[in-house]
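Colleague: Below are the structure tokens for one structure; questions will follow.
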Amino acid sequence: MALEAADVGKPVSLPDMALGAANAPVTIVEYAAATCPHCAAFNHEVFPQIKAAYIDTGKVRYVFREFPLNIKDAACEMLARNIAKEDAGKYFALVDIMFHRQDELVQKTTDTLKLIGRQASLSGEAVEDCLKDQALLNKIKADRQFAEQVLKVNGTPTFFINGDMIVGGVSFEEFGKKIKSLLKS
């Protein structure tokens, strides 16, 4: 399914968290969830290669958007957004930590989020306050609703490469073929 890149590219309620040059010729938008094992596998195995080959070289702008599948995912997003504020580098570091601690997040969500928060100098009370932020939760819900209804995202991971939807786990080689074809055109 192909959408206009502009439709996929605009943030809805929350500002985008992105890496790479704003004027890069290729934009990848990923919809992911903290508790999704396929998203974690992508984060560990494929994303570092994309970052080195395409993001760090100015060829790709990479946008990460949360698509919470459950309340645990929403809680992870709330904490990451609260700690990082507008700092994309810090945000991506937190997302990476959460994917590496995925099993703990699934089994002991609140305790693990408090531990991650403590590492970012937040008290347990501050983490709990963050998780009660109804305004932030409403924005997360609005963004998910937009992704579902307008972009037709129905699972994670889902990627849009210059508007072209790709669903599920994708290898670095598959990404490379698609990116290279777009760079040639």
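None of the figures in this text is laboratory data; all of them are computed from the coordinates on show. Here the structure is a predicted model, which means the values were calculated and not measured. All Cβ positions, even for glycine, are placed from backbone atoms using ideal geometry, and neighbour counts span all protein chains on display.
Colleague: Could you tell me what percent of the DSSP beta bridges with both partners in the chain are antiparallel, to the nearest 5?
Modeller: The antiparallel proportion sits near 65 percent.
Colleague: What number, rounded to the nearest 500 deg cm²/dmol, is the helix-based mean residue ellipticity at 222 nm of the chain, given -39500 (n - 2.57) per DSSP H run of at least four residues and division by all its residues?
Modeller: Calculated from helices alone, the mean residue ellipticity at 222 nm is -15500 deg cm²/dmol.
Colleague: Let me ask something else. If each of Val150 and Glu104 carries a label point 7 Å out from its Cα toward its Cβ, how far apart are those two points in nm?
Modeller: So the label points at Val150 and Glu104 sit 3.7 nm apart.
Colleague: Another question about this same structure. So, in nm, how far is label His44 from label Ser171 when the simple model puts each one 7 Å beyond its Cα toward the Cβ?
Modeller: The modelled label-to-label distance comes out at 1.9 nm.
Colleague: Please list 3J(HN,Hα) in residue order for the range 19-28, calculated via the Karplus relation 6.51 cos²θ - 1.76 cosθ + 1.60 where θ = phi - 60°; whole Hz, with x for glycine and proline.
Modeller: Once rounded to whole Hz, the list reads 10, x, 5, 4, 9, 4, x, 10, 10, 10.
Colleague: For Met17, enumerate residues with amide H under 5 Å from its amide H, sequence gap 5+ or separate chain, H modeled in the peptide plane.
Modeller: So Met17 has HN proximity to Phe64.
Colleague: Moving on to the next point. List the cysteines of the chain that have no other Cys Cβ closer than 4.7 Å: which are they?
Modeller: Cys76, Cys130
Colleague: In addition: For Rg and Dmax of the Cα atoms in Å, pick the label among (1) 15.7, 42; (2) 15.9, 52; (3) 19.1, 69 that corresponds to the value derived from the coordinates.
Modeller: (2)
Colleague: Full-extension gain between Ala53 and Asp87, please, as 0.36 nm times their residue separation minus the C-alpha to C-alpha distance.
Modeller: Extending this stretch completely gives an extra 10.0 nm.
Colleague: In nm, to one decimal, how far is the modelled label at Lys132 from the one at Asp96, with both set 7 Å along Cα→Cβ?
Modeller: Roughly 3.3 nm, to one decimal.
Colleague: While we're here: Long-range amide H contacts for Met165: which residues qualify at under 5 Å (H placed 1.01 Å from N, peptide plane, sequence gap of 5 or more or a different chain)?
Modeller: Ala2, Leu3
Colleague: Suppose a student asked you for the relative contact order of the chain, using Cα pairs under 8 Å spaced at least 6 residues apart; what percent would you report?
Modeller: 36
Colleague: Give me the count of lysine pairs in the range 84-174 whose alpha carbons sit under 21 angstrom apart, restricted to pairs 8 or more positions apart or on different chains.
Modeller: 11
Colleague: Can you list the aspartates and glutamates whose alpha carbon sits under 12 Å from that of Lys180, skipping same-chain ones fewer than 8 residues off?
Modeller: Once the sequence-local aspartates and glutamates are set aside, nothing remains near Lys180.
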